[in-house]
Amino acid sequence: MAKSKAANESEPVVIKKYANRRLYNTETSSYITLDLLSQMTREGREFVVVDAKTGEDITHNVLTQIIMEEEQRGKNMLPVNFLRQLIAMYGDSMQSMVPQYLEASMDAFRKNQQQFQEAMKGAFGGGPLAEIAKRNMQMFEAAASAFGNGVPGMPGMPGAAPTAAPTASEESKDDEIAVLKAQLAALNAKIDKLS
């Protein structure tokens, strides 16, 4: 049974589009929205949209409609100049090459994005950046403790002559230092979780 389900997931889901513009997911036997198709696309789930009456594959049209709706919501990813250049390519002798070029470019972009994400995980998961962050935290803690314990020849620092009670501005600096320490400790904890 698990084998047939795994085989089902590799096959594209068939979505039927009816004349009333409703979309029907044949896998779940339910009506769905363009937003759900958009979510399925982001999750990497393959689907094919067919006209319920004619059986014609209209996946391209529906995907274009999803892009248009996303763009109308203010999530603009397609610059105006790009759109103009794309429109200008229709009817051009090079038109047949554009889809393959765009697909190859998007594949390369996706691979670069994955490599970058993996490099960032590696960097914060015990790599050189994690070590730098830990050393910075240690230096900050040493500096903060020096300010708390004092430095010879400077008021409030070790070896200095006793000073009067701290003023309001000195207390606010102590509060700022405490907040910074807490923020750095939180960052250090996040880095430790990643490693």
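The values are calculated or read from the model by the stated rules, or taken from the named source; none is laboratory data. Just so it is clear, the model here is predicted, and its values are computed rather than measured. Backbone-built Cβ (ideal geometry, glycine too); neighbour counts: all protein chains shown. Heavy atoms of the whole protein, side chains included, go into the accessibility calculation; ligands, DNA and RNA do not. Shrake-Rupley method; radii C 1.70, N 1.55, O 1.52, S 1.80 Å.
For the stretch 100-123, the candidate set comprises residues that are open to solvent by 100 Å² or more (accessible area, probe 1.4 Å) and either among the charged types (D, E, K, R) or farther than 20 Å from Thr64 by Cβ (or both); within that set, the residue that is modelled with the highest pLDDT is Glu103. On inspection, Met97 passes the criterion of being modelled with pLDDT of 90 or more and assigned to a helix (DSSP H, G or I).
Annotation note: Cβ proximity below 8 Å between a residue of the stretch 75-86 that is under 16 Å from Thr64 (Cα atoms) and a residue that is open to solvent by 80 Å² or more (accessible area, probe 1.4 Å) and not in a loop (DSSP other than H, G, I, E, B) (sequence gap 6+ or interchain) occurs for Leu78/Ile67.
Mind counting the residues in the stretch 51-63 that are more than 19 Å from Ser10 (Cβ to Cβ), open to solvent by less than 60 Å² (accessible area, probe 1.4 Å) and not small (Gly, Ala, Ser)? Spell out the reasoning first.
Applying the first criterion (more than 19 Å from Ser10 (Cβ to Cβ)) to the stretch 51-63 yields 51-56, 58, 60-63.
From what is left, the residues that are open to solvent by less than 60 Å² (accessible area, probe 1.4 Å) are 51-52, 55, 58, 62.
Of the ones still in play, those that are also not small (Gly, Ala, Ser) are 51, 58, 62.
Total satisfying the criteria: 3.
Test Lys17 against the criterion of being basic (Lys, Arg) and open to solvent by less than 100 Å² (accessible area, probe 1.4 Å), and give yes or no. Break it down into steps so the answer makes sense when it comes.
Numbers: basic (Lys, Arg): yes; open to solvent by less than 100 Å² (accessible area, probe 1.4 Å): yes.
Judged against the criteria, Lys17 is a match.
Evaluate the stretch 22-35: report whether one residue or more is of a type in the set (Lys, Arg), more than 29 Å from Arg110 (Cα to Cα), more than 32 Å from the chain's Cα centre (by Cα) and open to solvent by 50 Å² or more (accessible area, probe 1.4 Å). Please lay out each step first, then the result.
First, the residues of the stretch 22-35 that are of a type in the set (Lys, Arg): 22.
This time we only want the ones that are more than 29 Å from Arg110 (Cα to Cα), so: 22.
Going one step further and asking which of them are more than 32 Å from the chain's Cα centre (by Cα), we end up with none.
The answer is no, given that none of the residues of the stretch 22-35 is of a type in the set (Lys, Arg), more than 29 Å from Arg110 (Cα to Cα), more than 32 Å from the chain's Cα centre (by Cα) and open to solvent by 50 Å² or more (accessible area, probe 1.4 Å).
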